[in-house]
Every structure is written in structure tokens, then in C-alpha cells.
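Data first, discussion second: the structure below is written as C-alpha cells.
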Amino acid sequence: SQQGEEDPQALSIQEGENATMNCSYKTSINNLQWYRQNSGRGLVHLILIRSNEREKHSGRLRVTLDTSKKSSSLLITASRAADTASYFCATETGGGNKLTFGTGTQLKVEL
Amino acid sequence: EAGVVQSPRYKIIEKKQPVAFWCNPISGHNTLYWYLQNLGQGPELLIRYENEEAVDDSQLPKDRFSAERLKGVDSTLKIQPAELGDSAVYLCASSLGMNTGELFFGEGSRLTVL
């Protein structure tokens, strides 16, 4: 079963624009992570935000977390064609390192 | 440093045939995961190992799927017999251990069952 749901399912923007993806989840979490997956490849970790954090930055990435609304957003600023990929949120719940992934957002950045 | 290595990358088999996937995690990573990813979906956990112990296999269809992680390093995931609905990408991932956050994924093994 998938804990998270990303919104939108697909997003198409022009290079240089910002891309925002949202993730909603159902149960309390320890942390929330975002991963990127290029077509036909494995997933690559982008950023982790803990349940007691509200915002985190890494390069052109900005992640926010609202535990009261059980939601997170990923902002990619000044997007590039190379950012074209699927983006997944994943929530860690309970004890241990069990991650449950969402359904993903397909981002296409056009030149 | 080598990443997570999976083989084969692609496998095409007839239904009812057996198939096996192999994974070599990053050296020193105690936790190993097998995920299944259907087209257009996120990965779904099949089994998680802490060293050689399977600590979460609740989503593994045990009637036809089996996995092992001998000596707490390499792991093998087997399907016998394969069904049409097993066509998917099988992803292996590893992490340093529990509560360490980031997972490192291999490139996946794409299975097509005809």
C-alpha cells in the first residue's frame, strides 16, 4: 500500500521556471524524504526532513513539512532540462528504517 | 565507492518459469531492502533485512516469492513460478542501518513475464 500521494501526477514546465510538487500522507511520521528517479534508473535520495523540522534547503531544492496537515512540498527553483524525472516522497514511520513511497510526480522540463 | 549492484538488469521469461535476482549492497550497509515497482507507481516494500535477519516480510507473497541474505551481505530474490502479473521492476536498496534515513538504490531488474 502507498502511504503518500503526490500532486500533481504530472507537471510540465519551461526551463527556468519553478516546479512545486506536493505530498500528502496518512499517519504520523519520523521523517519524510524525497527521491528522484530518471527513466529506467534507480531512485536517488534528494533530501530528508525530520518531523520536528518545518523547512529545509539543499541547493535549488526547498522542502517544507506541515505535520498538522500531514503534507509536504518540494520546490525546485530555476528548473533545468536535466531535472526531468519522476519525484517520489517517502515517509518513515514506526521503529526502524521502513520507508513507504508515494505514487510520484512526473516532471518534464522543456527547453 | 561502488553503489548497489543488481543483476540481471533485464529478464524475459515465460509464465510458470522461475527467476532470480541478485543484489550486492554498499559495503558496510547492514540494512537491505527489496522493493517492487509497477509502471507509473512508487516502489512497494517486499522485504527488509537487518544483517541476515528478515525483519519485515509482511508484503512478500510467500507462496511464490522467497528471499535470502546469506552472511548478511549479498541477497537473492526468487520467484517460482512467475505469473504475468509479476512483470515489474525489482529494486534493491541498502542503508547503514535502522534510523539512518537515506536509502541507496540499485538500477533495478526489469522482469517481463510472457
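Inside segment B:1-87, counting only strands (runs of 3 or more DSSP E) that do not spill past its ends, which hold 2 or more residues that are within 14 Å of chain A (Cβ to nearest Cβ)?
Working: elements: B:5-7, B:10-13, B:19-24, B:31-37, B:44-50, B:53-56, B:65-68, B:75-79.
Counting at least 2 such residues, we get B:5-7, B:19-24, B:31-37, B:44-50, B:53-56.
Give segment A:7-40 a look and list any residue that's surrounded by 15 or more Cβ atoms within 10 Å (Cβ to Cβ), modelled with pLDDT under 95 and farther than 20 Å from B:Gly101 by Cα, or say none.
The one that is surrounded by 15 or more Cβ atoms within 10 Å (Cβ to Cβ), modelled with pLDDT under 95 and farther than 20 Å from B:Gly101 by Cα: A:Asp7.
Before we move on, is B:Asp74 out of contact with any helix residue (DSSP H, G or I) (no Cβ under 7 Å at 6 or more places or on another chain) and open to solvent by less than 60 Å² (accessible area, probe 1.4 Å)?
yes
Tell me, yes or no, whether segment A:25-45 has at least one residue that is touching a residue at least 12 places away in the same chain (Cβ under 8 Å), out of contact with any Ser or Thr (no Cβ under 9 Å at 6 or more places or on another chain) and part of a loop (DSSP other than H, G, I, E, B).
no
Is it the case, given these coordinates, that B:Leu60 is surrounded by 15 or more Cβ atoms within 10 Å (Cβ to Cβ) and either under 22 Å from B:Glu83 (Cβ atoms) or charged (D, E, K, R) (or both)? Steps first, please.
Numbers: surrounded by 15 or more Cβ atoms within 10 Å (Cβ to Cβ): yes; either under 22 Å from B:Glu83 (Cβ atoms) or charged (D, E, K, R) (or both): yes.
Considered against the rule, which asks whether it is surrounded by 15 or more Cβ atoms within 10 Å (Cβ to Cβ) and either under 22 Å from B:Glu83 (Cβ atoms) or charged (D, E, K, R) (or both), B:Leu60 comes out as yes.
Within segment A:46-80, track down each residue that is away from chain B (no Cβ under 14 Å), surrounded by 14 or more Cβ atoms within 10 Å (Cβ to Cβ) and assigned to a strand (DSSP E or B).
A:Leu61, A:Arg62, A:Thr64, A:Leu65, A:Ser71, A:Ser72, A:Ser73, A:Leu74, A:Leu75, A:Ile76
The values are calculated or read from the model by the stated rules, or taken from the named source; none is laboratory data. Given the structure is predicted, the values throughout are model-derived calculations rather than measurements. No Cβ is skipped: glycine too gets one built from the backbone with ideal geometry, and neighbour counts run over all protein chains shown. Quick note on the areas: whole protein, heavy atoms, side chains included, nothing else; ligands and nucleic acids left out. Shrake-Rupley method; radii C 1.70, N 1.55, O 1.52, S 1.80 Å.
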